[in-house]
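Undergrad: Here you go, one structure.
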């Protein structure tokens, strides 16, 4: 049987189909998917602060592995202290304590909320002694590749979507942990995902990362579909210098890995990642080395305890998050640069 096709919607006809313009507008960061069985949605924020602390905040309509279930709003709040100690909370709220506007990002979940307009966002998140009160301001315009979706059927009804509302920006506010409230400043990021497919049903794995080095901002993604879809690679890239977009066509992107290591949880990950982009106008090379593992977690922990032994018979989905040394080489008609710094990236293993 021939493999099914992943359709990546680039072109005017796909924009018209979803009522989109070439550049994102405010309503696109509002509620986009049905909250009932079959669909999922989340709004993701992170902050890297000058004092060495970080915060990751995710507002979701349901846990990642419970797409077929009813609305089950949840907040994930992770604060990493300057000394590297990670503090996390995962809070599930009654469905009646969730609301979200379709006109803009305006999400409420228990005492937590997030709202914004593609340029400025404010949020509050709390859980059992942890809290984040932050304001994000974008310095790179909001962006999506084409219509911002991958389709997994010929009728264009099954999809996974992504919008980078703040590809790069500044953040300020407070983080509360260990009984103290800390004033923080730093750099921030916000994106939004939604869809109506089981990611574990159509995807094998993905790499996602970003960096801010000198004047350059970078987002890179490579998703690989499952065997039913021919293990197709779905690359995405955004490279900007200041507010100017230099590269946004992901199709020439190639990712290679090496020096494979084995995690105590049984899953493998590479110690070297190379990403190369080249077309007739020039090239960009990204080398990730000496990754420091921030997180290595089995996603089976998201399932009810009684389901985990059964699920492990079929799969052991895993999530890795790293901070690594980055070398960025840019050879384009108007830009020639070699920069070194740090990059944050993740690997999601669904198969």
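Undergrad: Just to check your reading of the model, which residue among 40, 45 is surrounded by 21 or more Cβ atoms within 10 Å (Cβ to Cβ), assigned by TED's automatic domain parsing to the domain that holds residue 132, in contact with a strand residue (DSSP E or B) (Cβ under 7 Å, 6 or more places away or on another chain) and closer than 17 Å to residue 348 by Cβ?
TA: Within the list 40, 45, the selection yields 40.
Undergrad: I'd like to verify a number: residues in segment 117-152 that are in contact with a helix residue (DSSP H, G or I) (Cβ under 7 Å, 6 or more places away or on another chain) and either farther than 16 Å from residue 24 by Cα or not assigned by TED's automatic domain parsing to the domain that holds residue 44 (or both), how many?
TA: 1
Undergrad: Of the residues 29, 18, 51, only one is closer than 17 Å to residue 123 by Cα and assigned by TED's automatic domain parsing to the domain that holds residue 108; which?
TA: Just a single option satisfies the conditions, and that option is 29.
Undergrad: OK, next. Only residues that are outside any loop (DSSP other than H, G, I, E, B) and within 17 Å of the chain's Cα centre (by Cα): list them for segment 234-262, please.
TA: 234, 235, 236, 237, 238, 239
Undergrad: Turning to a different aspect of this structure: Out of all the residues in segment 37-84, which are more than 22 Å from residue 168 (Cα to Cα) and part of a strand (DSSP E or B)?
TA: Listed by number, the residues that qualify are 40, 74, 75.
Undergrad: Another question about this same structure. Quick one: how many residues across segment 225-236 are crowded, with 21+ Cβ neighbours inside 10 Å and free of Cβ contacts under 8 Å to residues at least 40 places away in the same chain?
TA: The qualifying residues number 1.
Undergrad: In segment 211-220, what count of residues is obtained for those that are within 13 Å of residue 286 (Cα to Cα) and surrounded by fewer than 21 Cβ atoms within 10 Å (Cβ to Cβ)? Reasoning before the result, please.
TA: Within segment 211-220, the subset within 13 Å of residue 286 (Cα to Cα) is 211-213, 216-220.
With the extra rule that they be surrounded by fewer than 21 Cβ atoms within 10 Å (Cβ to Cβ), the set shrinks to 213, 216.
Residues that pass the stated criteria total 2.
For (1) within 19 Å of residue 48 (Cα to Cα); (2) assigned to a strand (DSSP E or B); (3) touching a strand residue (DSSP E or B) at 6+ places or on another chain (Cβ under 6 Å), each residue gets a yes or a no:
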position	(1), (2), (3)
106	no, yes, yes
115	no, yes, yes
123	yes, yes, yes
131	yes, yes, yes
134	yes, yes, yes
137	yes, yes, yes
146	no, no, no
154	no, no, no
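The values are calculated or read from the model by the stated rules, or taken from the named source; none is laboratory data. Note that the coordinates shown come from a computational prediction; the quantities given were computed from them, not determined experimentally. Using ideal geometry, Cβ is built from the backbone for each residue, glycine included, and neighbour counts are taken over all protein chains shown.
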